[in-house]
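Q: What follows is a structure written as structure tokens; I'll ask about it next.
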Amino acid sequence: MKINKAIIYTFLGLALCACTNDAPSSALKVTMNVPVAKAGEPVSFKISGDADNIMFYSGEPGHEYNLRDRLYSDNDLVVDFVSYTDQSTGIHPNFQMLMSHDFDGVYTPEHVAAATWDDVTSLFTLPSVTGQNTPSGEVSLKNYIGDNKDGLVYFAFRYYDLDGTPVKNRWVVRSINITKVSPEGGRAQIADIKTAGWKNVILGGSNQWTLPGSQLLATGNTTSSDKDMWAVSAGFNICKAEPSTGIVLKNIATEVDHFEYTYDTPGEYEAVFASSSVWFNSENSSVTTVTVKVTE
């Protein structure tokens, strides 16, 4: 088979040219179609430049350019739940909300008893009369997280009857919300009553919590006393941060000259267009910031 030398020389010439070319400038010029945006209405950004790749960060919580690589943050932990109690004998103080940052995750009586459990019951509102669902109020438990950024925190509801009296009122936890709040105010629910991973651990007697999924139920009875039963949650990392995310506007195979985005909440945002051009022999990157003022 004969090979056309002209074709070979042409390809070699193109390859040689490619090796000597630098990546195009990644610098952008971005302008808005309006000086002030309105919440709920799209903002149009006009984009000009030769960058191969463009990523957009709106500046809203969870979409901030300077937090794109954050792994940990000084998060708050807030919890609220709804509880209920009833029984003709009145309300007995035999219900606790507990929290631990050194439980090892082994759900046996020995391991639960060996852990340090902070009693945070008094921080919440519990029923003062029987037969009423009672919201606990939202409570910050940040002071009980611990210092280990990679550590887990666990929650437990404890029902106990250690005075030999066989009959006590029953307790029901109707719902619970476990929420992580970033320093910027971004909220992320990490568990609820169905997803918290509750497991029974019996430290005394033979009774245990009923864990059907939609609620937690602990009931007294006339056949046994000295009950000490725990519903212990899965472990949660509160200090772990979710890196901010952006929107891919362009890659080397696409083109873009404008982009629309809608801000739903009034405020002032630093929108960032992070651009780059990456070739095999050179690369460069740029950051273009646009201040977006959003009114009602």
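Q: State which residue is most open to solvent (accessible area, probe 1.4 Å) when the search covers only segment 137-153 and only residues that are assigned to a loop (DSSP other than H, G, I, E, B) and under 18 Å from S233 (Cα atoms).
A: First, pick out the residues of segment 137-153 that are assigned to a loop (DSSP other than H, G, I, E, B): 137-138, 141, 145-152.
Imposing the further condition that a residue be under 18 Å from S233 (Cα atoms) reduces the set to 141, 145-146, 150-152.
Numbers: L141: 0, I145: 18, G146: 30, D150: 96, G151: 20, L152: 69 Å².
The extreme case among them is D150.
Q: Determine if segment 101-112 includes at least one residue that is of a type in the set (D, E, K, R), part of a strand (DSSP E or B) and surrounded by 14 or more Cβ atoms within 10 Å (Cβ to Cβ).
A: No, because not a single residue in segment 101-112 is of a type in the set (D, E, K, R), part of a strand (DSSP E or B) and surrounded by 14 or more Cβ atoms within 10 Å (Cβ to Cβ).
Q: Right, here's the next one. Determine whether segment 83-99 contains at least one residue that is under 25 Å from A218 (Cα atoms), among the acidic types (D, E) and open to solvent by 20 Å² or more (accessible area, probe 1.4 Å).
A: yes
Q: Return a yes/no flag: does segment 132-142 have any residue that is over 27 Å from the mean Cα position of the chain (by Cα), under 30 Å from S25 (Cβ atoms) and touching a residue at least 12 places away in the same chain (Cβ under 8 Å).
A: There is no residue in segment 132-142 that is over 27 Å from the mean Cα position of the chain (by Cα), under 30 Å from S25 (Cβ atoms) and touching a residue at least 12 places away in the same chain (Cβ under 8 Å).
Q: Kindly indicate which of S285, S233 is within 20 Å of the chain's Cα centre (by Cα) and at pLDDT 95 or above.
A: S233
Q: When you scan segment 223-243, how many residues do you find that are under 15 Å from K180 (Cβ atoms) and open to solvent by less than 80 Å² (accessible area, probe 1.4 Å)?
A: Number of matching residues: 9.
Q: Out of S25, S48, report the one residue that is in a loop (DSSP other than H, G, I, E, B), at pLDDT 90 or above, under 38 Å from the mean Cα position of the chain (by Cα) and closer than 22 Å to N284 by Cα.
A: Unique residue meeting the criteria: S25.
Q: Can you find, within segment 175-198, the residue that is nearest to the chain's Cα centre (by Cα) among those that are surrounded by fewer than 15 Cβ atoms within 10 Å (Cβ to Cβ) and assigned to a strand (DSSP E or B)?
A: For segment 175-198, the residue satisfying everything is A188.
Q: Condition check: at pLDDT below 95, out of contact with any helix residue (DSSP H, G or I) (no Cβ under 9 Å at 6 or more places or on another chain) and over 22 Å from I190 (Cα atoms). Does G146 satisfy that?
A: The answer is no for G146.
Q: It is to be established whether one or more residues within segment 246-263 are in contact with a helix residue (DSSP H, G or I) (Cβ under 8 Å, 6 or more places away or on another chain) and touching a residue at least 60 places away in the same chain (Cβ under 8 Å). Walk me through how you get there before you give the answer.
A: Filtering segment 246-263 down to residues in contact with a helix residue (DSSP H, G or I) (Cβ under 8 Å, 6 or more places away or on another chain) leaves 246.
Now drop any that are not touching a residue at least 60 places away in the same chain (Cβ under 8 Å), which leaves 246.
Scanning segment 246-263 turns up at least one residue that is in contact with a helix residue (DSSP H, G or I) (Cβ under 8 Å, 6 or more places away or on another chain) and touching a residue at least 60 places away in the same chain (Cβ under 8 Å).
Q: Can you tell me which condition E268 does not meet? The list is (1) out of contact with any Ser or Thr (no Cβ under 8 Å at 6 or more places or on another chain); (2) in a strand (DSSP E or B); (3) loosely packed, with under 13 Cβ neighbours inside 10 Å; (4) of a type in the set (D, E, K, R), and all the others hold.
A: (1)
Q: I need the full set of residues from segment 271-296 which are part of a strand (DSSP E or B) and open to solvent by 90 Å² or more (accessible area, probe 1.4 Å), in order please.
A: Of everything in segment 271-296, those that are part of a strand (DSSP E or B) and open to solvent by 90 Å² or more (accessible area, probe 1.4 Å) turn out to be E283, S285, K293.
Results for (1) closer than 30 Å to F81 by Cβ; (2) among the β-branched types (V, I, T), shown as yes or no for each residue.
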{"position": "W230", "(1), (2)": "yes, no"}
{"position": "F236", "(1), (2)": "yes, no"}
{"position": "Y261", "(1), (2)": "no, no"}
{"position": "E283", "(1), (2)": "no, no"}
{"position": "V287", "(1), (2)": "no, yes"}
{"position": "V292", "(1), (2)": "no, yes"}
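The values are calculated or read from the model by the stated rules, or taken from the named source; none is laboratory data. On a predicted model such as this, the values are computed, not experimentally measured, just so you know. We place every Cβ from the backbone using ideal geometry, glycine too, and count neighbours over all the protein chains shown. Just so you know, the surface numbers come from the protein's heavy atoms only, side chains and all, with ligands and any DNA or RNA stripped out. Shrake-Rupley method; radii C 1.70, N 1.55, O 1.52, S 1.80 Å.
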